[in-house]
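S.K.: One structure is given below, represented as structure tokens, and several questions about it will come after.
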Amino acid sequence: MKKFAMIHDENLCIGCQACSVACRNEHGVADDRYRLQVRADLKGKFPKLKLNYERHSCVMCDDAPCVEVCPTHASFKTAEGITLVDPTTCVGCKYCILACPYDARFVDPKSGNIEKCTFCFETRGGEIPACVSVCPTDALIFGDLNDPNSDVVKYASTHSLELPKEHLKTKPNLGFVRNYKGGNHE
């Protein structure tokens with residue numbers, strides 16, 4: 001059984017937003033909402049500045065609080081580890097939005113459905129997500145954690161990964177290689 005995961009290498013990201021644009025085109029995301037976003041975070045004081053590009057999206061928790069609180073089981077995990085929302089059983093209570101510690105869900109103003117990143121599972125069925133396919137610097141790596149030859153396993157074995165809000169023990173499947181370029185700003 002496949003288990004999908006993604007890595008965002010902040011050292012390779014240039015903040016071009018091609019991933020966000022590809023996501024919007026793939027899923028018809030409204031202008032004032034996003035399934036994923038790369039935010040620039042400037043730290044330090046001149047001349048010791050550091051600019052980090054951080055991805056904000058669903059992190060596909062193994063222990064997903066959004067799934068646990070859903071009263072109709074509209075939020076669920078696939079066998080491949082993808083968290084999805086079934087719009088036919090979702091009642092729009094928004095408990096999942098409140099439960100998500102990553103602020104990754106929103107209400108689509110057009111459809112009224114709860115939306116979030118799905119690694120393009122509903123449109124690409126486990127193939128390379130739109131965001132990964134357009135990244136000009138290969139800052140996004142996607143693959144099957146159960147395949148030792150997948151890009152994500154190979155990358156994880158040679159880089160130090162951080163998991164977002166690891167202290168919450170939600171077991172994210174989106175890891176980060178934190179920015180070490182630009183020197184220490186502290």
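The values are calculated or read from the model by the stated rules, or taken from the named source; none is laboratory data. From a predicted model like this one, the values you see are computed outputs, not experimental measurements. In this analysis, Cβ positions are derived from the backbone assuming ideal geometry, glycine residues included, and neighbour counts consider all displayed protein chains. SASA here: full protein model, heavy atoms, side chains in, ligands and nucleic acids out. Shrake-Rupley method; radii C 1.70, N 1.55, O 1.52, S 1.80 Å.
S.K.: So what are the ³J(HN,Hα) numbers for region 135-143, from phi and the Karplus equation (6.51, -1.76, 1.60; θ = phi - 60°), rounded to whole Hz, Gly and Pro as x?
M.R.: The phi angles translate into 5, x, 10, 6, 6, 10, 10, 10, x Hz.
S.K.: Under the Kirkwood approximation applied to all pairs of distinct alpha-carbon atoms, what is the hydrodynamic radius of region 15-157 in Å?
M.R.: This gives a value of 16.5 Å.
S.K.: Moving on. Roughly what angle does helix 18-27 make with the longest principal axis of the chain, taking Cα atoms, 0 to 90 degrees, to the nearest 10?
M.R.: The helix 18-27 is inclined about 10 degrees to the chain.
S.K.: Another one. Take the Cα of His73, step 7 Å along the line toward its Cβ, and report every residue of region 84-126 whose backbone nitrogen sits under 14 Å from that point.
M.R.: Flagged as within label range: 86, 89-90.
S.K.: Let me ask you something else. Rounded to the nearest 20 Debye, what is the dipole magnitude of the chain about its Cα centre when Lys and Arg each give +1 and Asp and Glu each give -1 at the C-beta?
M.R.: It comes to approximately 500 debye.
S.K.: If the chain between Arg124 and Ile14 were fully stretched, how many nm would it gain, using 0.36 nm times the residue separation less the Cα-Cα distance?
M.R.: 37.1 nm
S.K.: Shifting gears a bit: For region 156-170, in order, what is each residue's ³J(HN,Hα) by Karplus, 6.51 cos²θ - 1.76 cosθ + 1.60 with θ = phi - 60°, in whole Hz (x at glycine and Pro)?
M.R.: Computed from phi, the couplings for region 156-170 are 5, 6, 10, 10, 7, 9, 10, 9, x, 6, 4, 4, 7, 6, 8 Hz.
S.K.: Using a 1.4 Å probe, what is the accessible area per residue for the chain, in Å²? Before the final figure, lay out the partial values.
M.R.: Numbers: 9790 Å² over 186 residues.
It amounts to 53 Å² per residue over the chain.
S.K.: A further question follows. Could you calculate the FRET efficiency of Asn146 with Asp63 from 1/(1 + (r/R0)^6), where r is the beta carbon distance between them and R0 is 25 Å, rounded to 0.05?
M.R.: Calculated value: 0.85.
S.K.: Looking only at Ala79, Ala22, Ala130, which one moves most when the chain is put into a Gaussian network model with springs between Cα atoms under 10 Å?
M.R.: Maximum fluctuation in the GNM of the chain, among the listed residues, is at Ala79.
S.K.: A follow-up question, please. Round to a whole number: what % of the accessible area of the chain belongs to carbon and sulfur, probe 1.4 Å? The partial results should precede the final answer.
M.R.: Values: 5190 of 9790 Å².
It is 53 percent, rounded to a whole number.
S.K.: For Arg39, what accessible surface area do you get with a 1.4 Å probe? Give it in Å², rounded to 10.
M.R.: Ignoring ligands and nucleic acids, Arg39 comes out at about 90 Å².
S.K.: Taking the simple approach of a point 7 Å from Cα along Cα-to-Cβ for both Arg178 and Asp31, what is their distance in nm?
M.R.: Each label point is offset 7 Å from its Cα along the Cβ direction, giving 3.7 nm.
S.K.: Over the chain, what is the relative contact order in whole percent, taking alpha-carbon pairs under 8 Å and six or more residues apart? Don't jump to the answer; show the numbers that get you there.
M.R.: Values: 360 pairs, mean separation 62.1, N = 186.
Relative CO of the chain lands at 33 percent.
S.K.: To continue, here is another question. Name the residue from Ile141, Val38, Val69 whose Cα lies farthest towards the positive end of the charge dipole of the chain, charges +1 on Cβ of Lys and Arg and -1 on Cβ of Asp and Glu.
M.R.: The residue sitting most towards the positive pole is Val38.
S.K.: Based on Cβ point charges of +1 for Lys and Arg and -1 for Asp and Glu, what charge dipole magnitude is obtained for region 1-102 about its Cα centre, in debye rounded to the nearest 20?
M.R.: Dipole magnitude for region 1-102 comes out near 400 debye.
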